[in-house]
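Data first, discussion second: the structure below is written as structure tokens.
The values are calculated or read from the model by the stated rules, or taken from the named source; none is laboratory data. Here the structure is a predicted model, which is why all the values come from computation and not from measurement. Here the Cβ is made from the backbone with ideal geometry for all residues, glycine too, and neighbour counts use every protein chain on show. Remember, those area values only see protein heavy atoms, side chains included, never the ligands or the DNA or RNA. Shrake-Rupley method; radii C 1.70, N 1.55, O 1.52, S 1.80 Å.
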Amino acid sequence: MRLLLLTALLALLGCGGQVRGEDDYCFGKDAQRPQTRQFSSKTAYQNVKGTNIGKQYLVPGCEPKKMWIFHRHGTRLPTPSTITAASTRLGELRDLIVKNYRVLRTKPETDALCVDDLFAIQMWKWNTSITVDIEEHLTTQGYEDLRGTAKLYQHYFPTVLPTNYNNTYYLFRHTDTQRTTESFKGFAEGLFGDSKVALAVDIPEQDLLLRPYDYCPDFKNKNYKGEGSEYQKYITSALWNQTMADIAKRLGFTVLADDDIKLMFDICRYEQAWQVDRTSVWCGAFLPQQVTVMEYAEDLKYYYGSGYGFEENTRFNCRAVQDMLTRLSSPVSPHVVAYFAHSTGLQTLLTALGMNKDDVPLRADNYDTMSSRRWQTSLLGPFAGNLVAVKYDCPAELEKEKVVFFLNQNGVELDWCNVGLCNWSDVLQRYKTIADANCDEYYCRSGASAGQTVVSLLATTLLAAIVYLMH
């Protein structure tokens, strides 16, 4: 009898001899892990991709003829600063958390780490093969992300995406980065079985189509996360401060720097995206509701940086919209156009097209009422996020040309279309202002760099001074 009582008592004990709460959240044992769908731009594509394309791609009486694709690169490695911090500071944090629980006995009475999550953190080690010389490179999972999307779209649109490569029929282009180059190769392998078969067109010296933000100081310099911004208001709010305090307490700290919490969250998101069939031990540091609070900060940052937070953002990706309209309007090849670019390009494209726009703007003070918001970057722009426009010919219809937009394999429902099926004439009318615009003047003057802009302004000022003196 005594042995049974002792066994029961030991089962109730947590680490360091403290009684373990029966309701402590355990990420390692959570079969659903809904928070992995809330990692903003670092969300794994496999966790949020659509599942209804099989019901949405068939349009009765119509035949798909053309396709235009804007594809974010797949899962990548972190930036140099994050790699450096992960290989140094994160190991220190690991040891401090274990010490808090096992030596200092500062485990909280509620919302503590479960035994499994604590042990997983204790055993964690940084992958030393990830070094700064391969920063932001595409991962193996990232390559598979793109290979997978190509195969899926080819499965549903075999007549539009034939398995034999033809450089007139297909047009591919990527930015001048390793991660988009390799993403293109993964996509090509998915379509043709061999990544070396297809060729991408040359990258222009100024890539105004896929990286317009590199040449637009006005876009870069707007205040979307600095002092006075909604993002800054949010991360200094009572809600945010309490969430940070709760996370610190959960890990056994009295106080913990926001940068340390952000580092743990970033590595949680990266590791979860690198190996979607496993769990990142650092995700166990956060309760699901804490991730929801942190996701909203990311959404605020992107909403004002690339979304509807500033009206002028709707005009920024002018060239991509014009390219889509021109390519799909043309009766000749290329029949498939696929671009491989970055999250800012994808988000500003969605903004230009008026997709996923909320009736109420996202603000620092309305977190509680925005749980069903349309602008949720985890769903809009995950790793390998993609917008696909499929043009249909409908000979028996009054409107003989139609289009369906797919965002991450989900049909996009626009309020001016018929349950996702849009008349092509309505598309042209809807985006006529952008179609007719001079993109050099629509947002940024001729995509000039900051240096070029300054020189131009100086020249104008000098000319004005000369004219003034002559009079």
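Does Ala120 satisfy being small (Gly, Ala, Ser), assigned to a loop (DSSP other than H, G, I, E, B) and more than 23 Å from the chain's Cα centre (by Cα)?
no
When the stretch 329-344 is examined, which residues are found to be over 25 Å from Asp299 (Cβ atoms), modelled with pLDDT of 95 or more and either open to solvent by 10 Å² or more (accessible area, probe 1.4 Å) or in contact with a Cys (Cβ under 7 Å, 6 or more places away or on another chain) (or both)?
Selection gives Ser329, Ser330, Val332, Ser333, Pro334, His335.
Which of the residues spanning the stretch 86-117 are open to solvent by less than 30 Å² (accessible area, probe 1.4 Å) and not in a loop (DSSP other than H, G, I, E, B)?
Within the stretch 86-117, Ala86, Leu90, Gly91, Leu93, Ile97, Val98, Asn100, Tyr101, Asp117 qualify.
So for the stretch 372-386 (the condition being among the hydroxyl-bearing types (Ser, Thr, Tyr), over 30 Å from Pro60 (Cβ atoms), without any contact (Cβ under 8 Å) to a residue 12 or more places away in the chain and not in a helix (DSSP H, G or I)), does at least one residue qualify?
yes
When the stretch 151-161 is examined, which residues are found to be in a loop (DSSP other than H, G, I, E, B) and open to solvent by 40 Å² or more (accessible area, probe 1.4 Å)?
Scanning the stretch 151-161 gives Pro158, Thr159.
Which of the residues that make up the stretch 355-369 are out of contact with any Lys or Arg (no Cβ under 6 Å at 6 or more places or on another chain) and open to solvent by 40 Å² or more (accessible area, probe 1.4 Å)?
Lys357, Asp359, Val360, Pro361, Arg363, Asp365, Tyr367, Asp368, Thr369
Of all residues in the stretch 392-403 being open to solvent by 10 Å² or more (accessible area, probe 1.4 Å) and either in a strand (DSSP E or B) or in contact with a helix residue (DSSP H, G or I) (Cβ under 6 Å, 6 or more places away or on another chain) (or both), which is nearest to Val427 (Cα to Cα)?
Filtering the stretch 392-403 down to residues open to solvent by 10 Å² or more (accessible area, probe 1.4 Å) leaves 393, 395-402.
Of the ones still in play, those that are also either in a strand (DSSP E or B) or in contact with a helix residue (DSSP H, G or I) (Cβ under 6 Å, 6 or more places away or on another chain) (or both) are 393, 401-402.
Values: Asp393: 15, Glu401: 10, Lys402: 9 Å.
Result: Lys402.
Can you tell me which residue in the stretch 274-289 is farthest from Asn47 (Cα to Cα), limited to those that are assigned to a helix (DSSP H, G or I) and open to solvent by less than 10 Å² (accessible area, probe 1.4 Å)?
Here the residue is Ala285.
Among the candidates Glu230, Glu182, single out the residue that is in contact with a Leu (Cβ under 9 Å, 6 or more places away or on another chain), over 30 Å from Ile134 (Cβ atoms) and not polar (S, T, N, Q).
From the options Glu230, Glu182, the qualifying one is Glu230.
Kindly indicate which of Arg319, Arg315, Arg250 is open to solvent by less than 40 Å² (accessible area, probe 1.4 Å) and among the basic types (Lys, Arg). Reasoning before the result, please.
Values: Arg319 fails: open to solvent by less than 40 Å² (accessible area, probe 1.4 Å); Arg315 fails: open to solvent by less than 40 Å² (accessible area, probe 1.4 Å).
Testing whether each residue is open to solvent by less than 40 Å² (accessible area, probe 1.4 Å) and among the basic types (Lys, Arg) leaves just Arg250.
So that you can scan it fast, the table gives a plain yes or no per residue for (1) farther than 29 Å from Trp126 by Cβ; (2) of a type in the set (Asp, Glu); (3) in contact with a strand residue (DSSP E or B) (Cβ under 7 Å, 6 or more places away or on another chain):
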residue: Glu227; (1), (2), (3): yes, yes, no
residue: Lys233; (1), (2), (3): yes, no, no
residue: Leu239; (1), (2), (3): yes, no, no
residue: Lys262; (1), (2), (3): no, no, no
residue: Arg269; (1), (2), (3): no, no, no
residue: Arg278; (1), (2), (3): no, no, no
residue: Phe286; (1), (2), (3): no, no, no
residue: Pro334; (1), (2), (3): yes, no, yes
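For the stretch 69-117, name all the residues that are within 30 Å of His335 (Cα to Cα) and among the hydrophobic types (A, V, I, L, M, F, W, C).
Quick first cut of the stretch 69-117, residues within 30 Å of His335 (Cα to Cα) only: 69-76.
Of everything in the stretch 69-117, those that are within 30 Å of His335 (Cα to Cα) and among the hydrophobic types (A, V, I, L, M, F, W, C) turn out to be Ile69, Phe70.
Return the residues of the stretch 81-107 that are β-branched (Val, Ile, Thr) and touching a Leu at 6+ places or on another chain (Cβ under 8 Å); say none if nothing qualifies.
Result: Thr82, Ile83, Ile97, Val98.
Which ones in the stretch 316-331 are touching a residue at least 60 places away in the same chain (Cβ under 8 Å) and not aromatic (Phe, Trp, Tyr)?
Passing the criteria: Asn317, Cys318, Arg319, Ala320, Val321, Gln322, Asp323, Met324, Leu325, Arg327, Leu328, Ser329.
Which count do you get for residues in the stretch 132-150 that are hydroxyl-bearing (Ser, Thr, Tyr), closer than 13 Å to Gln178 by Cβ and open to solvent by less than 40 Å² (accessible area, probe 1.4 Å)? Explain how you work it out, then say what you get.
Within the stretch 132-150, the subset hydroxyl-bearing (Ser, Thr, Tyr) is 139-140, 143, 149.
With closer than 13 Å to Gln178 by Cβ added as a condition, the list becomes 139, 143.
Filter once more, keeping what is open to solvent by less than 40 Å² (accessible area, probe 1.4 Å): 139.
So the answer is 1.
It is to be established whether one or more residues within the stretch 59-74 are crowded, with 20+ Cβ neighbours inside 10 Å and part of a helix (DSSP H, G or I).
no
Taking Leu346 and the conditions (1) closer than 24 Å to Ala437 by Cα; (2) touching a Gly at 6+ places or on another chain (Cβ under 8 Å); (3) in a loop (DSSP other than H, G, I, E, B), which numbered condition does it fall short on, given that it satisfies the others?
Condition (3) is where Leu346 drops out.
What is the one condition in (1) at pLDDT 95 or above; (2) touching a Cys at 6+ places or on another chain (Cβ under 8 Å) that Val59 does not satisfy?
With respect to (1) at pLDDT 95 or above; (2) touching a Cys at 6+ places or on another chain (Cβ under 8 Å), Val59 is out only on (1).
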